[in-house]
Amino acid sequence: MKGCEFIFLDAPHSAAGAFQEETAAEKQEAAASEGAGPRGWWVSGENARKQQGEAWVRPAQSYACVGFEEGIACARDAAVRACEDGQQIHGVLAFSQGCAVATCLLREAQLDEGHPLASVNLAILVGGFVPRDPETVLLLVPAALLAFTCFTGRFTKHIQSAGPVPASEIPGRRLQWSTEDCELVQWDDLCGHQLPVGKCFRIQPRTASVCELLGPDNSGEPSLLLGDGLVTLQTEGSLRITGNLRVKSARFEAESIVFQDAQVETQQSAANSSAQGGGFMAEGMLTLAAGTLDLENTHATTSGGGFVVLQGFAVSGSVLATNGSAIHIRSSRAGISAGGFLAEGQYVNFTNRSTVHMQNVRAEHYAGGFYARTGSVIIESMSEVMVVNGHAAKYDGGGFVSRKRMEVDDGSSIRLRSVSAGRSGGGFMASRAKALIRGNSRLLISDSHATYGGGFYAAFLEVSNNATVGIQNSSAGKDGGGFYACGCHDNPVLRRFLRSKVVKVSNSSTLRIDKTIALELGGGFASSGSVVLTAFSNVAISDSQAMQDRGGGMYVEGSLRIVDGSMLRVQNVHAKFAGALLLKYSGTTRLLVRNESLLDVRNATAGAQAGGFLVDKVLVAAHSQIRIEDCNGGRGSGGGFFTYGLQVSDHGSIMIRNCSVGGGKSGGGFYVQSESHKAEASVLLANNSMVSIHATNASYGAGFVCTGQVLLANNSTLQISDSHASKFSGGFSASALQVTDQSAVFLENVTAARQIGGFRAERGVLVSNSSEICIRRAVAAKDRGGFASYGPVVVAKNSQISVSDSYARSGAGGGFIVRQELAGALAAVRVTGGSTVSISNTASRLYGGGFAAWRGDVVIADGSKLRIRNTASFSSHSGGFGTDRRVLVANNSLITIRNSTSKQNSGGFWTKSLEVTARSAVRIASTQTGGFGGGFWAEDLALVAGHSEVTVSDSHAIEGSGGGFQTSKLYLEGNSSIDLQTASAGDSGGGVNAANFSAGSESLVVANGSALRVRNATARLWGGGIRIIGRAVITGWSNVQTSDCHATSYNGGGISVSAKLLLNESSDVNIQNATAGGNGGGLHTEGSIAIAAASTLAISNSTAEHGGGFHVELYGSTPGLLPAKPSSFFV
């Protein structure tokens, strides 16, 4: 320095051995080269008493300072000698221990005008400290100076002092100088215990409260501030920095700091420590306008490794910070909070293409990058925040923390990579704030980790207006692998309201989560309130897991709404419960997909339950869709999903493919749990909606299981194909099934390894209003090939049930079984109102090749039809169908059976009784049985009345009776008819066998213009055409005809009657071309024949061994043939 003469003093004491091992050699070598050795103004008294092996105590750490007064005397004497020739000392520069000695001498000079330092008007004290020895402290002023301090103006004459005080009562660490008549700029050292050297730039105070640092303009080379040394500027006013400045190591403290058209770069060669603000500290506002701030390798012991701002930090906006400003912070850390910077004001705001880039930032507690401790974070107008390798070791916010709103808007972005937090928010934390990502902005987080919210932790998340949030490779030690939205709010009433939209993605925005993991809840994300996707927005979650708990894709404590053209896609996810997503059950939460929206779940697996998702209630409406593929529910129910209620309406649809459950559980496609007797439907498909299920597997209900009622209405459709149950119900299982209003159920290629290939309905089936159930290729290894119902099956109002190509391989009911177990005298099967039940190509090993109905009637009424074709019972009875109650065919209805067989009895059908009334018909063709009733067997009664008809053709009872049919009593009334053609019986009654063993009642009654006609019928024993055990009455303009009938071994080639035969009221019996191997080629009777009231018995072309025309075996004195005028008898 020009015009300056320096006097260098040597301290009186040797300090050999007092330094740390790593620096001792360097200091010893330097001292030896100067011939002095390490020196000190005092030494440590502990070193004189230390034991062998104990470390030396440095003088700065000593509690027993030896030689301090001797050091003061040595310095005083040197100053006296320097002034002997009349010279004056104008300034003092002291370092470390020397600051304490200089302080004492300056204090003496204030009190003594003859003191050699009385002329000093400049004091520079560097790296000073308060000694730890209490007695030494008493020799100093009340507070010792720690900083490198620069005074301008005339040195004050008085040092404020209240006298010596104990060290424990020293209020601070700053020497209290009077500033009444001088301007004071203080400098604080953060770079370690060293003396900075280099070139200073100009410090230009403008007012008492403003200090300005001026560098070259940004077109020139940057000015190097203090060279390789530390710059520390401390002011109680404002600091304005302009120009192009480069600082190797710096610290700024001010009420507010403004970077105006500035580019400031700092780079720490070693970490610079400060309690708050490793780089700089402003107790007011920091503004960066069209400038650059670059901090590297800064460190704060508490908060703000880069810098601290106590009233707000802004880049543009209401506080000027604009035009492409930039902050770069590297290798910065804080001992407590805010590794990059700390802001305690209302906001941190970056705007107008401004940027903040942080790398290798760390805080031990909160906010690895920056901390808006009391305010909001606002990134707007195409600005950017980037944090790489940011960490909050113990608590929250690896990238940053915002205590209020966090907003990214207008094309701005936040990029967080390799960030972590010990507790919450690996990327950032906004636990009481809403995170708003809007206006073509982006939030991108990768390689992040925390205990809660691997990517981030926020109270609320809103992504809107074409914004994007992307999270990749993130993990959580507990909940929310991608992020955690807590729905937190201090007001409990408002909190309940706000939880209706804790996460909202809207207006063509996107949320993408990929490769995220949570140990417990929400592999993709977790939300403590409802989630809303709306207005053509997209959420995609892939390759995410909840390792030990629920929601591999997401966990939501509320509802999920996907509406207005939005999409949620979840794929390659896993959880213990609910592989894709879980909405925590509360009785009110629901999954809503509406207005042309989509939920797409693929390759989701669960270890214990619900491969796809688990929710309280599912609602799909208004041309929306849920697609689920390749999902597995593990050892729990619901391969696709598990819910407590499902509603699909208004052209909505659900498509499920390749889903399954294991562990003996239910619902390969989905599982709906509900009360079985609940009045309203648990599964509702309405208004042109559809559920389609393909290639699903479960132990029970391969397609789905619903413990409540399933209702299809208004042209809706349920489709299940290629589904398999390892135990029961290859298609589905429900408490009750209603298909109404032009709706349909289609089952194809559905199988069960035990029972019920198609579906199970616990409380019955209703198909009405032009609706349909269609089952094809349903197979059960045991019973109930097509379906099973334990309540009534009702098909009404032009509706249809069709079952084809279905089998019960080792049990009963190839088409279906109905076991009516509900209270009341309800029909087991009721087909009414022009409806149809159609069964074809079905078979069973036991009874009911087509179907079986127990504990209730089979009613075909009101213009309805039962059609059975190509059915078989391989080992039992009822090749077409069987029921232990009545079969009623009424009101212009029809039963047709063709190509049906059984091994034992009833090739066509078996029933307790048959009633065909009111212009109805039963038509049977090509049926066969090994026992009784080739066409059918009505155990008690077969009644055909009211212009009705029964026709049987090509029907055979191989070893039993009743080649056409078998009954106890056959009644034809009201212009009805029975026509049998080409029938045979291995026993008796080639066409008809009516065997009533009850005394006093008729076995055959043909009355009121009715007709019984048998052609080409053969029996081995009695009654080639008709065999009657009991009385036969033909009356009221009725007739009985047989032709080409034969009893090959015994009696009655045409007709055999075991009791009386009565013809009355213009009735006829006509027998043609009949033969018998025994008696009565045409007619054989064991009772009398009465022909009365213009009736006729005619027999022609008949032969037998005895009685070629007829043979009467009389017992007792009863007349054998009693014709009455004008009746006729012809042979």
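The values are calculated or read from the model by the stated rules, or taken from the named source; none is laboratory data. Owing to the predicted nature of the structure, the values given are computational and were not obtained by experimental measurement. Positions of Cβ are backbone-derived with ideal geometry, glycine not excepted, and every protein chain shown enters the neighbour counts.
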Report summary line: Residue count, region 1042-1061, condition touching an Asp or Glu at 6+ places or on another chain (Cβ under 9 Å) and among the aliphatic types (A, V, I, L, M), comes to 2
Query raised in the report: When you go through Arg919, Arg855 one by one, which is the residue that is on the phi > 0 side of the Ramachandran plot, in the same structural domain as Leu822 (by TED's automatic domain parsing) and at pLDDT below 95?
Result: Arg855
Query raised in the report: Out of (1) of a type outside the set (Phe, Trp, Tyr); (2) in a strand (DSSP E or B); (3) over 19 Å from Tyr555 (Cα atoms), the odd one out for Asn465 is which?
Result: (2)
Query raised in the report: crowded, with 24+ Cβ neighbours inside 10 Å and modelled with pLDDT of 95 or more: does that describe Ala753?
Result: no
Report task. Would you please name the residue that is modelled with the highest pLDDT, looking only at residues in region 124-138 that are buried (at least 21 other Cβ atoms within 10 Å of the Cβ) and part of a loop (DSSP other than H, G, I, E, B)? Result -> Pro131
Requested in this report: Considering every residue within region 429-442, establish whether at least one is surrounded by fewer than 21 Cβ atoms within 10 Å (Cβ to Cβ) and over 27 Å from the mean Cα position of the chain (by Cα).
Outcome: yes
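Restricting attention to region 697-710, does a residue exist that is in a loop (DSSP other than H, G, I, E, B) and over 15 Å from Ala761 (Cβ atoms)? If you could, list the steps in order and put the result at the bottom.
Of all residues in region 697-710, those in a loop (DSSP other than H, G, I, E, B) come to 701-703.
If we keep only those that are over 15 Å from Ala761 (Cβ atoms) too, we end up with 702.
Yes, the conditions are met somewhere in region 697-710.
Considering only strands (runs of 3 or more DSSP E) fully contained in region 991-1064, which possess at least 2 residues that are under 16 Å from Gly960 (Cα atoms) and over 60 Å from the mean Cα position of the chain (by Cα)? Spell out how you get there, then give the answer.
Values: elements: 992-995, 1002-1006, 1011-1019, 1026-1029, 1031-1034, 1039-1047, 1055-1057, 1061-1063.
The strands (runs of 3 or more DSSP E) meeting that bar are 992-995, 1011-1019, 1026-1029, 1039-1047.
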Query raised in the report: When region 647-667 is examined, which residues are found to be buried (at least 21 other Cβ atoms within 10 Å of the Cβ) and within 23 Å of Lys576 (Cβ to Cβ)?
Result: Ile656, Cys659, Ser660, Val661, Lys665, Ser666, Gly667
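Yes/no matrix, rows are residues, columns are (1) modelled with pLDDT under 80; (2) surrounded by 12 or more Cβ atoms within 10 Å (Cβ to Cβ); (3) in a loop (DSSP other than H, G, I, E, B):
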position	(1), (2), (3)
Lys2	yes, no, yes
Phe8	no, no, yes
Phe19	yes, yes, yes
Ala25	yes, no, no
Ala30	yes, yes, no
Gly37	yes, yes, yes
Gln51	yes, no, yes
Val57	no, yes, yes
Query raised in the report: When only residues in region 949-982 that are charged (D, E, K, R) and within 20 Å of Lys912 (Cα to Cα) count, which is nearest to the chain's Cα centre (by Cα)?
Result: Glu949
Report summary line: Only unsatisfied item for His724, checking (1) in contact with a strand residue (DSSP E or B) (Cβ under 7 Å, 6 or more places away or on another chain); (2) assigned to a loop (DSSP other than H, G, I, E, B), is (2)
Query raised in the report: Any chance region 919-927 includes a residue that's assigned to a loop (DSSP other than H, G, I, E, B) and either in contact with a strand residue (DSSP E or B) (Cβ under 8 Å, 6 or more places away or on another chain) or in contact (Cβ under 8 Å) with a residue 12 or more places away in the chain (or both)?
Result: yes
Report task. Take region 740-792 and flag every residue that is closer than 25 Å to Arg845 by Cα and in contact (Cβ under 8 Å) with a residue 60 or more places away in the chain. Result -> Glu762, Asp783, Gly786, Pro792
Report task. Check off (1) farther than 26 Å from Ala467 by Cβ; (2) modelled with pLDDT under 95 for Gln359 and give me the number that stays unchecked. Result -> (1)
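Look through Ile860, Ile839 and report the one residue that is under 27 Å from Thr751 (Cβ atoms) and in contact with a strand residue (DSSP E or B) (Cβ under 7 Å, 6 or more places away or on another chain). Spell out how you get there, then give the answer.
Values: Ile860 fails: under 27 Å from Thr751 (Cβ atoms).
Sole residue among the options that is under 27 Å from Thr751 (Cβ atoms) and in contact with a strand residue (DSSP E or B) (Cβ under 7 Å, 6 or more places away or on another chain): Ile839.
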Query raised in the report: Within the group Gly815, Gly811, Gly848, Gly833, which residue is in the same structural domain as Gln904 (by TED's automatic domain parsing) and more than 22 Å from Ser876 (Cβ to Cβ)?
Result: Gly833
Query raised in the report: Any idea how many residues of region 795-822 are buried (at least 24 other Cβ atoms within 10 Å of the Cβ) and part of a strand (DSSP E or B)?
Result: 9
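Evaluate the following for Thr901: is it under 26 Å from Val739 (Cα atoms), assigned to a strand (DSSP E or B) and among the hydroxyl-bearing types (Ser, Thr, Tyr)? Full working, then the answer.
Details: under 26 Å from Val739 (Cα atoms): no; assigned to a strand (DSSP E or B): yes; among the hydroxyl-bearing types (Ser, Thr, Tyr): yes.
Criteria not met by Thr901.
Just to be sure, is Lys394 among the basic types (Lys, Arg), in contact with a Gly (Cβ under 6 Å, 6 or more places away or on another chain) and without any contact (Cβ under 8 Å) to a residue 40 or more places away in the chain? Can you show your working first?
Values: among the basic types (Lys, Arg): yes; in contact with a Gly (Cβ under 6 Å, 6 or more places away or on another chain): yes; without any contact (Cβ under 8 Å) to a residue 40 or more places away in the chain: yes.
When the stated conditions are applied, Lys394 passes them.
Among the strands (runs of 3 or more DSSP E) lying completely within region 333-375, list those that include at least 2 residues that are touching a His at 6+ places or on another chain (Cβ under 6 Å). Outline the logic, then answer.
Working: elements: 341-343, 347-350, 355-363, 370-372.
In region 333-375, the matching strands (runs of 3 or more DSSP E) lie at 355-363.
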Requested in this report: Please state which one of Gly86, Gly114 is at positive phi and at pLDDT below 85.
Outcome: Gly86
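Quick grid of which residues meet (1) over 19 Å from Val532 (Cβ atoms); (2) at pLDDT below 95:
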{"site": "Ser412", "(1), (2)": "yes, no"}
{"site": "Ala421", "(1), (2)": "yes, no"}
{"site": "Gly425", "(1), (2)": "yes, no"}
{"site": "Phe428", "(1), (2)": "yes, no"}
{"site": "Arg432", "(1), (2)": "yes, yes"}
{"site": "Leu436", "(1), (2)": "no, no"}
{"site": "Tyr452", "(1), (2)": "yes, no"}
{"site": "Leu461", "(1), (2)": "no, no"}
{"site": "Gln472", "(1), (2)": "yes, no"}
